[in-house]
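The structure under discussion appears below in the form of structure tokens.
The values are calculated or read from the model by the stated rules, or taken from the named source; none is laboratory data. It should be emphasised that the depicted structure is a prediction, and the values quoted were computed from it without experimental measurement. We place every Cβ from the backbone using ideal geometry, glycine too, and count neighbours over all the protein chains shown. Just the protein is used for accessible areas: all its heavy atoms, side chains included, with ligands, DNA and RNA removed. Shrake-Rupley method; radii C 1.70, N 1.55, O 1.52, S 1.80 Å.
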Amino acid sequence: MTQKEKLLSPKEIALCQQNASKKDIHGKRARVLLALNEGETQVNSGKKAGLTLGQVLYLLKIFRQKRIGIFPTKPDEKKSARVVESKTEKATEPLEGDIQMAKKSKTKKKDKKKKKKDKDKKKKKKLKKEKKMKDKKKKKDKKKKKSKKK
């Protein structure tokens, strides 16, 4: 890979190298970025750092948007993600942008549900109206038959 095709600038490489020794999510992300910069595949770089392919793809997405802004500026600051310990595995909390995207997604889902509900209501109303019309027609037909018999 030539410098033009590289993912990271020299400044970004230096910052990633500083973060790569950390055991938190920033260290994992830095190791993945360095591996990708050296031409490693997304799957292999993720495996080596302990991230899934989905996490690597997400990392690339946010890295392209924020560049080195994904890493904390101070050693104790964790801007982009906070590591949460669980009994079985480590997970990261989503970034603000992810939360906003999730809210939009929920809103879209709610809108779809509401539209479907409204559509179902209209359908029920229409069926009810049709049934009522059929019942009226039956009553009329019965009355006609009775009047013809007399």
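Being free of Cβ contacts under 8 Å to residues at least 12 places away in the same chain, open to solvent by 70 Å² or more (accessible area, probe 1.4 Å) and not acidic (Asp, Glu) is true for just one of 23, 11. Which residue is that?
Details: 11 fails: free of Cβ contacts under 8 Å to residues at least 12 places away in the same chain.
Being free of Cβ contacts under 8 Å to residues at least 12 places away in the same chain, open to solvent by 70 Å² or more (accessible area, probe 1.4 Å) and not acidic (Asp, Glu) holds for just one of 23, 11, which is 23.
Of all residues in segment 26-57, which are open to solvent by 70 Å² or more (accessible area, probe 1.4 Å) and part of a helix (DSSP H, G or I)?
31, 42, 47, 48, 53, 55, 57
Exactly one condition in (1) at pLDDT below 85; (2) under 30 Å from residue 11 (Cα atoms); (3) part of a helix (DSSP H, G or I); (4) of a type in the set (A, V, I, L, M) is not met by residue 81; state its number.
(3)
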